[in-house]
Amino acid sequence: MPGLRSYHSFHLSSNCDSLLVFEDVEQLQSALDNTSHYYLLGEGSNTLFTEDFTGTVLVNRIKGISTTVTESAVCLQVGAGENWHELVTFALKQGYHGLENLALIPGSVGACPIQNIGAYGVEVANFIESVDYIDLATFTQKRIAHDQCQFGYRDSIFKHTLAGKVVITQVNFKLPKNYKPVTTYGELAVLNQPNAQDIYNEVIRVRRKKLPDPAVLGNAGSFFKNPVIGLEQYQKLLSIHAEMPAYKVDKHHMKIPAAWLIDKLGFKGRTVGEVRCHPTQPLVLTNLGHASGEQVIQLARQIIDSVEQQFAITLEPEVRLVAKHGLITL
Ligand SMILES: Cc1cc2nc3c(=O)[nH]c(=O)nc-3n(C[C@H](O)[C@H](O)[C@H](O)COP(=O)(O)OP(=O)(O)OC[C@H]3O[C@@H](n4cnc5c(N)ncnc54)[C@H](O)[C@@H]3O)c2cc1C
């Protein structure tokens, strides 16, 4: 049975019945012809294999970057199996700006539109013009334009109507030439008139300081999404916890940092077996070396239950949990 430890960033010692890497659409088609039950994987930085998976893991490594320059923008057509951070670095080196706030986010380009990756005040949706995919019902190539992608906070149509029905093969980006650095968020706000390179450097510095490197300490980044709550509930909670941080989503909703809720309940450093709530970033659960899927689920459930009891807020995992037969919820 092929091991999945090196195929996902949490590095659990799970296996699968078979594993196939595809580098083009023909190889994908032949892989699909030979399997009825499969899980599609990019770089596994948002996926945890909590048990042995009874099926085929299909690993996307479709490569290639082409560039078209227009008067007002640079357009990049990028194979879904390219590495995201390498794309950000490539774009910066070519003098194409905009993606630098998203430096060092692990994963493949093909996965970036699915949860609309975001960091330091920028979401990838801002730069996606369209997404090319294989429609698995008909095995035809299709293109979906930005406006149809239903991008939201860590969300898109690929998590809903198109979930499990497509394989993304290429993402088409448009980087406007009238570049304006985004420095509204956290540590970037202190930079003095930074250029794209300064932002890239600072984002990398801060991320390295704050987040454990999955190559050293297995993890899947933020384990939970930041919950969005109604204004009424927010005001009620604020009257009890005056120091509670929050960000406005719209007139009626506020986003609460899940890390604050988890920290408030004393979970920093809490360990179940070989799974630990990271001592400096409680939104991240880590694998101390030999963690099991069961231990991950146990600690995640303890956090969800405590936050629910204390704040009446239901935390939702940001990561995908894959068990024996496929995706599970907590
Ligand atoms: C240390 C760390 C820090 C992180 N920081 C951030 C952050 O700041 N912001 C953020 O948004 N995310 C962050 N993440 C999460 C992660 O980097 C992103 O979700 C990333 O886009 C996952 O890419 P992947 O290729 O590894 O996806 P995978 O885990 O391989 O797949 C994720 C999901 O997408 C599906 N999928 C993958 N490729 C395709 C495809 N080609 N077609 C159709 N479906 C596909 C899979 O089936 C799965 O359901 C972080 C993760 C880690 C480990």
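Bear in mind these aren't lab numbers, they're just calculated from the coordinates by the rules spelled out. No experiment lies behind these values; they were computed from the predicted model shown. Ideal geometry is used to build each Cβ from the backbone, glycine not excepted, and the neighbour counts take in all protein chains shown.
Within segment 310-327, residues that are among the basic types (K, R) reach partners that are outside any strand (DSSP E or B) and within 14 Å of the ligand (Cβ to nearest atom) with beta carbons closer than 7 Å, at six or more positions or on different chains, in the pairs R320/N46. In segment 17-60, what residues are touching a Leu at 6+ places or on another chain (Cβ under 6 Å) and either away from the ligand (no atom under 13 Å from the Cβ) or part of a helix (DSSP H, G or I) (or both)? L20, A31, T50, listed by residue number.
Taking residues in segment 154-176 that are under 23 Å from L87 (Cα atoms), and partners anywhere that are in a loop (DSSP other than H, G, I, E, B) and among the aromatic types (F, W, Y), the pairs with Cβ atoms closer than 7 Å and at least 6 places apart or on different chains are L175/Y96.
Kindly indicate whether E43 is of a type in the set (D, E), surrounded by 16 or more Cβ atoms within 10 Å (Cβ to Cβ) and within 30 Å of R276 (Cβ to Cβ). Yes; evaluated as a whole, the condition is true for this residue. Can you list residue pairs whose Cβ atoms sit under 8 Å apart, with the first residue in segment 209-235 being at positive phi and the second being assigned to a strand (DSSP E or B)? Count only pairs 6 or more apart in sequence or on different chains. Listed pairs, sorted by first residue: G221/V284.
Across segment 46-91, the number of residues qualifying as of a type outside the set (G, A, S), buried (at least 16 other Cβ atoms within 10 Å of the Cβ) and under 30 Å from M1 (Cα atoms) comes to 18.
When K159, K174 are checked against the criterion of being basic (K, R) and either exposed (fewer than 14 other Cβ atoms within 10 Å of the Cβ) or more than 9 Å from the ligand (Cβ to nearest atom) (or both), a single residue qualifies: K174. Based on what the data block shows, is Y179 assigned to a helix (DSSP H, G or I) and either more than 16 Å from the ligand (Cβ to nearest atom) or surrounded by 17 or more Cβ atoms within 10 Å (Cβ to Cβ) (or both)? In short, no. Residues in segment 189-224 that are more than 23 Å from Y153 (Cβ to Cβ), more than 13 Å from the ligand (Cβ to nearest atom) and either in a helix (DSSP H, G or I) or of a type in the set (D, E) (or both): 8 in all. When I229 is tested against (1) within 14 Å of the ligand (Cβ to nearest atom); (2) assigned to a strand (DSSP E or B), only condition (1) is not met. With respect to P212, determine if the residue is closer than 30 Å to Q309 by Cβ and either aromatic (F, W, Y) or touching a Pro at 6+ places or on another chain (Cβ under 6 Å) (or both). For P212, the condition - closer than 30 Å to Q309 by Cβ and either aromatic (F, W, Y) or touching a Pro at 6+ places or on another chain (Cβ under 6 Å) (or both) - is not met. Only one entry of G326, G269 meets the criterion of being surrounded by fewer than 21 Cβ atoms within 10 Å (Cβ to Cβ), more than 15 Å from the ligand (Cβ to nearest atom), farther than 26 Å from E232 by Cβ and not basic (K, R), and that entry is G269. Taken over segment 28-70, residues that are among the polar types (S, T, N, Q) and closer than 30 Å to L175 by Cβ amount to 8.
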